[in-house]
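First up is the structure itself, then whatever we jot down about it.
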Amino acid sequence: METPKIKLDNVHKSFDQKIVLDGFNMEVSAGESVVVIGGSGVGKSVMLKCIQGILIPENGSVQVDGDEVVGMSTRKIEKVNRKIGMLFQGAALFDSLPVWENVSFGLIQGKKTPRKEAKEIAIDVLAQVGLGADVADLSPAELSGGMQKRVGLARAIATKPEIIFFDEPTTGLDPIMADVINDLIVKSVKELGATALSITHDMASARKIADRIVMLYKGKAIWAGKVSEIDNSGNPYVEQFIAGKAEGPIAMELKR
Amino acid sequence: MNFLALVGRAFIKFLGVTGRLSIFTTLSVSHCFRPPFFMRLLMKQMIEIGYYSLPVVGLTTIFAGMVLALQSYTGFSRFGAEGAVASVVIISITRELGPVLAGLMVAGRVGASMAAEIGTMRVTEQIDALKTLSTNPFKYLIAPRIIAGLLMLPLLVFVGDIIGVFGGYIVGVYKLGFNPANYISSTWEHFEMIDLLSGLVKAAVFGLIISIMGCYHGYNSKGGAQGVGAATTNAVVSASILILTFNYILTELFFATTPS
Ligand SMILES: Nc1ncnc2c1ncn2[C@@H]1O[C@H](COP(=O)(O)OP(=O)(O)OP(=O)(O)O)[C@@H](O)[C@H]1O
Ligand SMILES: [Mg+2]
């Protein structure tokens, strides 16, 4: 059997007393697009950060291409991260740099692309996320939230990484632009052969971009299966989540 | 009731902070010597720290020199030693006032902005983003600031010394009625290289302190805008206290004389 591109095994992560991941397991094969769903605050973003070595799990194993990330030296983690592109939930653009330098940051710093060439690539990638060349020289603070998100997306895919993480790629976008972004994600996976791991609350988006869906609840992957199976999962948690009902086994903690 | 426990807790906390700070400093300094180097960012920081602090440092030192001439004249004229004004000005400015005043002013200006900038990058996940783009934040953010602080502060103080002495000259000649040529020759007569050099060494140490405290508090800030605000305050306060502490220690090292 092939080694999975990403493998999380029994991952535990907590902050002080608060347990976030509690024995989380997941595998993503090469060229696959997996979507993680789950309520707000269950630890989806934390899970992505554990894979990139930004957060270190107390327990368990995280492997990228068969290499163990937990306990790896900073320099080796940098090497692993070279394969990964990441769209942050809050975009996390560098506000000291103009938009185009944000997009081409990985090219200039990581791949030593000359600045002039990097700018041309940046403008090209910006066009793919529906932003014109006039945006390139603006500062990120001059953009709307949805535009920042798209610049973040452009930054994530500019280096053509093997693995791409999308943390809520379509939140804050209008429905048409959201669909454009969904197409772009599908295209990145199909055409570049990238492996994608996305987080979303948007079920329409999940259905479109995912090969497989994993549901995270109380620190564990409580359900995993093909997109086609999601409507008859037989799992009451998943059913409640995709129907978006307040009543069900997932009790929102709204006491008092 | 539990006084000892309180003292103990405070002491343990102090040791924890000292330890973390030492690790941070070692890591930061070691990254200053290992490639890749970000020259563009280093230039930017040198201009930010060196050039843009000139007005602040110039204004503080010129007034310090002026008031020094005025005060020492009032004091010395009581026992007819007005001639010592020029020597007091040059010695005090080069040894103490130049480096200390410049250090404190730059701590307020540059240390605060470093903590605020890096702190904001921390709470908006820009530092995480740097890591995912395979760029070490110590090399990209911290090393340029530390090198710039170390190099620019002595330069600033050197300029500040000249301006401060000039401030003393203005008051001496135009207000106190000294003969310009006499004032200048008296200044030269009391100028010692060691005074200037010790002041510049102090400045380099202060530059290091300002950058490290700004970066440390910014890098470890958490909890949104409030956390960044706290980091900024802590950076300025801790840098100022450390500057005054190290000023004493360095003065001891340079000029300690045992009374005979
Ligand atoms: N650096 C941190 N320090 C302390 N607690 C944290 C930290 N990062 C995350 N947490 C906690 O971990 C939990 C999971 O956070 P996370 O950001 O992963 O949620 P999420 O599943 O991505 O939610 P959302 O869908 O709202 O983005 C939260 O309860 C949060 O309070
Ligand atoms: Mg999240």
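The values are calculated or read from the model by the stated rules, or taken from the named source; none is laboratory data. No experiment lies behind these values; they were computed from the predicted model shown. Glycine gets a Cβ as well: all are built from the backbone with ideal geometry, and neighbour counts include every protein chain shown. Ligands, DNA and RNA are excluded from the accessible area calculation, which covers all protein heavy atoms including side chains. Shrake-Rupley method; radii C 1.70, N 1.55, O 1.52, S 1.80 Å.
For the range B:69-96, the candidate set comprises residues that are touching an Asp or Glu at 6+ places or on another chain (Cβ under 9 Å) and under 30 Å from B:Asn234 (Cα atoms); within that set, the residue that is most open to solvent (accessible area, probe 1.4 Å) is B:Arg95. Among the residues here, A:Glu2 qualifies as surrounded by fewer than 20 Cβ atoms within 10 Å (Cβ to Cβ), part of a loop (DSSP other than H, G, I, E, B) and more than 16 Å from ligand 2 (Cβ to nearest atom).
Working only within the range A:129-148, note down all residues that are in a helix (DSSP H, G or I), modelled with pLDDT of 90 or more and open to solvent by 30 Å² or more (accessible area, probe 1.4 Å). Please lay out each step first, then the result.
Taking the range A:129-148 and keeping what is in a helix (DSSP H, G or I), we get A:133-135, A:140-142, A:145-148.
After this cut, where a residue has to be modelled with pLDDT of 90 or more as well, the list is A:133-135, A:140-142, A:147-148.
Of everything in the range A:129-148, those that are in a helix (DSSP H, G or I), modelled with pLDDT of 90 or more and open to solvent by 30 Å² or more (accessible area, probe 1.4 Å) turn out to be A:Ala133, A:Asp134, A:Ala141, A:Glu142, A:Met147, A:Gln148.
Restricting the search to the range A:25-46, which residues are within 11 Å of ligand 1 (Cβ to nearest atom) and away from every other protein chain (no Cβ under 14 Å)?
Step one: filter the range A:25-46 for residues within 11 Å of ligand 1 (Cβ to nearest atom), giving A:36-46.
A:Val36, A:Ile37, A:Gly38, A:Gly39, A:Ser40, A:Gly41, A:Val42, A:Gly43, A:Lys44, listed by residue number.
Evaluated against (1) within 14 Å of another protein chain (Cβ to nearest Cβ); (2) under 18 Å from the mean Cα position of the chain (by Cα); (3) without any contact (Cβ under 8 Å) to a residue 60 or more places away in the chain; (4) surrounded by fewer than 20 Cβ atoms within 10 Å (Cβ to Cβ), A:Met72 falls short on exactly one condition, (2).
Taking residues in the range B:116-134 that are more than 7 Å from chain A (Cβ to nearest Cβ), and partners anywhere that are surrounded by fewer than 21 Cβ atoms within 10 Å (Cβ to Cβ) and of a type in the set (Gly, Ala, Ser), the pairs with Cβ atoms closer than 6 Å and at least 6 places apart or on different chains are B:Val123/B:Gly224. Only a single item in (1) open to solvent by less than 50 Å² (accessible area, probe 1.4 Å); (2) in a helix (DSSP H, G or I); (3) more than 14 Å from ligand 1 (Cβ to nearest atom) is not met by A:Asp179, and it is number (1).
Each row is one residue, and each column tells you yes or no for (1) surrounded by fewer than 19 Cβ atoms within 10 Å (Cβ to Cβ); (2) within 14 Å of ligand 1 (Cβ to nearest atom); (3) within 14 Å of chain B (Cβ to nearest Cβ).
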residue	(1), (2), (3)
A:Arg150	no, no, no
A:Ala156	no, no, yes
A:Gly172	yes, yes, no
A:Ile230	no, no, no
A:Gly234	yes, no, no
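Condition check: at pLDDT 95 or above, more than 14 Å from chain A (Cβ to nearest Cβ), farther than 26 Å from B:Val89 by Cβ and buried (at least 24 other Cβ atoms within 10 Å of the Cβ). Does B:Ile212 satisfy that? For B:Ile212, the condition - at pLDDT 95 or above, more than 14 Å from chain A (Cβ to nearest Cβ), farther than 26 Å from B:Val89 by Cβ and buried (at least 24 other Cβ atoms within 10 Å of the Cβ) - is met. Of all residues in the range B:11-51, those that are more than 24 Å from B:Leu156 (Cα to Cα) and part of a helix (DSSP H, G or I) total 18. Applying the criterion of being within 14 Å of ligand 1 (Cβ to nearest atom) and open to solvent by less than 60 Å² (accessible area, probe 1.4 Å) to the residues of the range A:204-221, the residue that is farthest from A:Ile181 (Cα to Cα) is A:Gly219. Only residues that are more than 8 Å from chain B (Cβ to nearest Cβ) and either open to solvent by 20 Å² or more (accessible area, probe 1.4 Å) or at negative phi (or both) were counted across the range A:91-118, and they come to 18.
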